[in-house]
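Report on one structure; see the data block that follows.
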Amino acid sequence: MKVLITEYLRIDLDTEQWECRHCGRVHGPARENYKKFMLIHARNPQEVHRPLLNPELYPAYNFSPDPKVCAIYEYYCPDCATMIEAEYTVPGHMPLHDIEYDIDALKVQWSTREEITEGGTGPDNKRPANCSTHGHHHGHSHAQHGGQA
Ligand SMILES: [Zn+2]
């Protein structure tokens, strides 16, 4: 059973490994930070977000992040070079451990479910067939609130 985690990451619950959803590469143990198994490109934030104002006139406030306080790390799959994640953090900080699942709980949760191999819109996000984006308000009634006694 493989569980989709992000657009480019999934966890194989049988092997407890992170996998690339694009090329199928087995990255490493799902109980560890997946970023340990990625290629990391530390970007110059001023290259990613160029100054919108003249930096000679506005050295501090030109809408471009100061590399002394902002670091941008891009994480790539070592096999297919798909960008898995981009992270904004502070210089010198370890890669953030942003996805940490309780693998044992995940196994219990998915033990009664069908495997999903492609992402999509879940049933909770589907609009009822008789509902439109404009027109009347649906869902609940205001008539019973604040009624007159
Ligand atoms: Zn890959």
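The values are calculated or read from the model by the stated rules, or taken from the named source; none is laboratory data. The structure presented is a predicted model; accordingly, all values stated were derived computationally and were not measured. Neighbour counts are summed over all protein chains in view; Cβ atoms, including those assigned to glycine, are modelled from backbone coordinates with ideal geometry. Side chains are part of the model used for accessible areas, which takes the heavy atoms of the whole protein and leaves out ligands, DNA and RNA. Shrake-Rupley method; radii C 1.70, N 1.55, O 1.52, S 1.80 Å.
What the table below lists for this structure:
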read-out: Residues of region 78-116 that turn out to be within 20 Å of the chain's Cα centre (by Cα), more than 19 Å from Arg43 (Cα to Cα) and surrounded by fewer than 10 Cβ atoms within 10 Å (Cβ to Cβ), as a count; value: 0
read-out: Residue within region 4-18 that is over 18 Å from the mean Cα position of the chain (by Cα), open to solvent by 20 Å² or more (accessible area, probe 1.4 Å) and touching a residue at least 24 places away in the same chain (Cβ under 8 Å) present; value: yes
read-out: Residue match in region 27-44 (condition: within 15 Å of the ligand (Cβ to nearest atom), modelled with pLDDT of 95 or more, surrounded by fewer than 20 Cβ atoms within 10 Å (Cβ to Cβ) and farther than 28 Å from Pro91 by Cα); value: no
read-out: Pick from region 53-78, criterion in a loop (DSSP other than H, G, I, E, B) and aliphatic (A, V, I, L, M), ranking: nearest to Val90 (Cα to Cα); value: Val69
read-out: Pairs where the first residue, in region 74-96, is more than 16 Å from the ligand (Cβ to nearest atom) and the second is among the basic types (Lys, Arg), C-beta under 6 Å, 6+ apart; value: Pro95/Lys35
read-out: Given (1) in contact (Cβ under 8 Å) with a residue 60 or more places away in the chain; (2) away from the ligand (no atom under 16 Å from the Cβ); (3) part of a loop (DSSP other than H, G, I, E, B), number of the condition Lys107 does not satisfy; value: (3)
